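**Q** Mind looking over this structure? Questions follow.
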Amino acid sequence: MEGVHYLKADGTEVYGVYKHDVCYVERDGVKRTFQMIVPEMKPDKNYTYPAILYVQGSAWMKQDNYKRLGVMARLAQRGYVTAILQYRESSIASYPAPVEDAKTGVRFLRMHAEEYHIDPENIVIMGDSSGGHTALAAGITAEEDCMDTESYSGVSCSVKAIVDLYGVTDICQKTDFPTTPNQGEPDSPEGMLIGGNNVYEHPELSGPVIISNYVKAEKEIPPILMMHGTADDTVSCDQSIRLYKKFLEEGKNVTFYLVENAGHGDIAFWTEKNMDIIDGFIRKYIS
């Protein structure tokens, strides 16, 4: 017919479907949820994708779990199932609640791999700020009997890789939090995390929060990608520099980028160039 344009559907098309408020666990009567983007193809296609469990930063307080939905959609377009984890905030549960929830989240994705087209052997964890801390703690201790619950206990919570963006690594470094006037006090973000206590007066509570305490030469740790802005005045890049040196000392597989002039949560972390780096890093370690 004159004037008609034709396009051909070859059956390989992929698009992302938003799955909102997927409950992955209920604790103390409170449901914890994912915001998910799941790549989908025609029903007759047998396909699976690696999965990224993303932990949104919030100073361990109530998260805005829609903040990075656009970023997760972009990663889904690259061929990942993405799930944004809602952890228990510090006002309702003390540490290690966020880490426990992250491990439960990984197990849920593995248990429901068929439903969401996930390759259960290729799950990675990623987070920013307090979410970066949570991703590190959950990924590094996945094979240890600590900071965990009995939820889905027969399922592994191990991950293939960890991506940490400007994460908190040591809450007992006062000068690393220059814009937190009450840093370490009971009403500070880190004080609230450990039950409303002063982090310096209660090392038995703050010690388990420090990531370097879990990094040992004899322990197997997944490959880690770290990024931190040199202009971060919320969480100093010294936090990541110190941990990076510790990883190197203990012989771990770590890649570290300092992002010049970038502040905390800077848009510079979400450019296509950075997405290429993150995507390339993950692809190196998934099978």
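The values are calculated or read from the model by the stated rules, or taken from the named source; none is laboratory data. On a predicted model such as this, the values are computed, not experimentally measured, just so you know. Here the Cβ positions follow ideal geometry from the backbone for every residue, glycine too, while neighbour counts run over all protein chains shown. These accessible areas exclude ligands, DNA and RNA; they are computed on the full protein's heavy atoms, side chains included. Shrake-Rupley method; radii C 1.70, N 1.55, O 1.52, S 1.80 Å.
**Q** Just to be sure, is residue 243 outside any helix (DSSP H, G or I), at pLDDT 95 or above and within 27 Å of residue 71 (Cβ to Cβ)?
**A** Spelling it out, it is not the case that residue 243 is outside any helix (DSSP H, G or I), at pLDDT 95 or above and within 27 Å of residue 71 (Cβ to Cβ).
**Q** Where the second residue is aromatic (Phe, Trp, Tyr) and buried (at least 24 other Cβ atoms within 10 Å of the Cβ) and the first is closer than 14 Å to residue 228 by Cβ and lies in region 157-178, which pairs have Cβ atoms under 9 Å and are six or more apart or on separate chains?
**A** Pairs that qualify, where the first residue is closer than 14 Å to residue 228 by Cβ and the partner is aromatic (Phe, Trp, Tyr) and buried (at least 24 other Cβ atoms within 10 Å of the Cβ), are 163/54; 168/60.
Per-residue answers, yes or no, for (1) open to solvent by less than 20 Å² (accessible area, probe 1.4 Å); (2) in contact with a Cys (Cβ under 9 Å, 6 or more places away or on another chain); (3) under 27 Å from residue 166 (Cβ atoms); (4) among the charged types (D, E, K, R):
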{"residue": "13", "(1), (2), (3), (4)": "no, no, no, yes"}
{"residue": "87", "(1), (2), (3), (4)": "yes, no, yes, no"}
{"residue": "96", "(1), (2), (3), (4)": "no, yes, yes, no"}
{"residue": "103", "(1), (2), (3), (4)": "yes, yes, yes, yes"}
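**Q** Looking at region 128-135, can you tell me whether even one residue there is open to solvent by 10 Å² or more (accessible area, probe 1.4 Å) and more than 24 Å from residue 67 (Cβ to Cβ)?
**A** no
**Q** When you go through 232, 276 one by one, which is the residue that is part of a helix (DSSP H, G or I) and more than 26 Å from residue 92 (Cβ to Cβ)?
**A** 276
For (1) out of contact with any strand residue (DSSP E or B) (no Cβ under 8 Å at 6 or more places or on another chain); (2) open to solvent by 40 Å² or more (accessible area, probe 1.4 Å); (3) modelled with pLDDT of 95 or more, each residue gets a yes or a no:
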site	(1), (2), (3)
228	no, no, yes
248	no, yes, yes
261	no, yes, yes
266	no, yes, yes
272	yes, yes, yes
276	yes, yes, yes
280	yes, no, yes
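**Q** Here's another thing I want to ask about it. Of the residues that sit in region 238-261 and are touching a residue at least 24 places away in the same chain (Cβ under 8 Å) and basic (Lys, Arg), which one is nearest to residue 212 (Cα to Cα)?
**A** This residue is 246.
**Q** Considering only region 46-88, how many residues are of a type in the set (A, V, I, L, M), in a loop (DSSP other than H, G, I, E, B) and under 14 Å from the mean Cα position of the chain (by Cα)?
**A** Here the count works out to 1.
**Q** Let me ask something additional. Whether any residue in region 91-101 is within 18 Å of the chain's Cα centre (by Cα), over 19 Å from residue 55 (Cα atoms) and not β-branched (Val, Ile, Thr) is what I want to check.
**A** The answer is no; no qualifying residue exists.
**Q** Follow-up question, since we're still on this one. Confirm whether residue 32 is touching a helix residue (DSSP H, G or I) at 6+ places or on another chain (Cβ under 9 Å), under 30 Å from residue 144 (Cβ atoms) and modelled with pLDDT of 95 or more. Let's see the steps before the verdict.
**A** Details: touching a helix residue (DSSP H, G or I) at 6+ places or on another chain (Cβ under 9 Å): yes; under 30 Å from residue 144 (Cβ atoms): yes; modelled with pLDDT of 95 or more: yes.
Spelling it out, residue 32 is indeed touching a helix residue (DSSP H, G or I) at 6+ places or on another chain (Cβ under 9 Å), under 30 Å from residue 144 (Cβ atoms) and modelled with pLDDT of 95 or more.
Matching residues to (1) among the small types (Gly, Ala, Ser); (2) within 26 Å of residue 242 (Cα to Cα); (3) touching a Phe, Trp or Tyr at 6+ places or on another chain (Cβ under 9 Å); (4) surrounded by fewer than 24 Cβ atoms within 10 Å (Cβ to Cβ):
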site: 120; (1), (2), (3), (4): no, no, no, yes
site: 124; (1), (2), (3), (4): no, yes, yes, no
site: 146; (1), (2), (3), (4): no, yes, yes, yes
site: 151; (1), (2), (3), (4): yes, no, yes, yes
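**Q** Taking the options 143, 115, name whichever one is in a loop (DSSP other than H, G, I, E, B), free of Cβ contacts under 8 Å to residues at least 24 places away in the same chain and over 23 Å from residue 28 (Cβ atoms).
**A** Details: 143 fails: free of Cβ contacts under 8 Å to residues at least 24 places away in the same chain.
Unique residue meeting the criteria: 115.
**Q** What tally of residues in region 179-205 results from selecting those that are within 17 Å of residue 58 (Cβ to Cβ), assigned to a helix (DSSP H, G or I) and open to solvent by 50 Å² or more (accessible area, probe 1.4 Å)?
**A** 1
**Q** Please indicate, with yes or no, whether at least one residue in region 153-161 is of a type in the set (D, E, K, R), outside any loop (DSSP other than H, G, I, E, B), at pLDDT 95 or above and out of contact with any Lys or Arg (no Cβ under 7 Å at 6 or more places or on another chain).
**A** Taking region 153-161 and keeping what is of a type in the set (D, E, K, R), we get 160.
With the extra rule that they be outside any loop (DSSP other than H, G, I, E, B), the set shrinks to none.
Looking for residues that are of a type in the set (D, E, K, R), outside any loop (DSSP other than H, G, I, E, B), at pLDDT 95 or above and out of contact with any Lys or Arg (no Cβ under 7 Å at 6 or more places or on another chain), one finds none in region 153-161, hence no.
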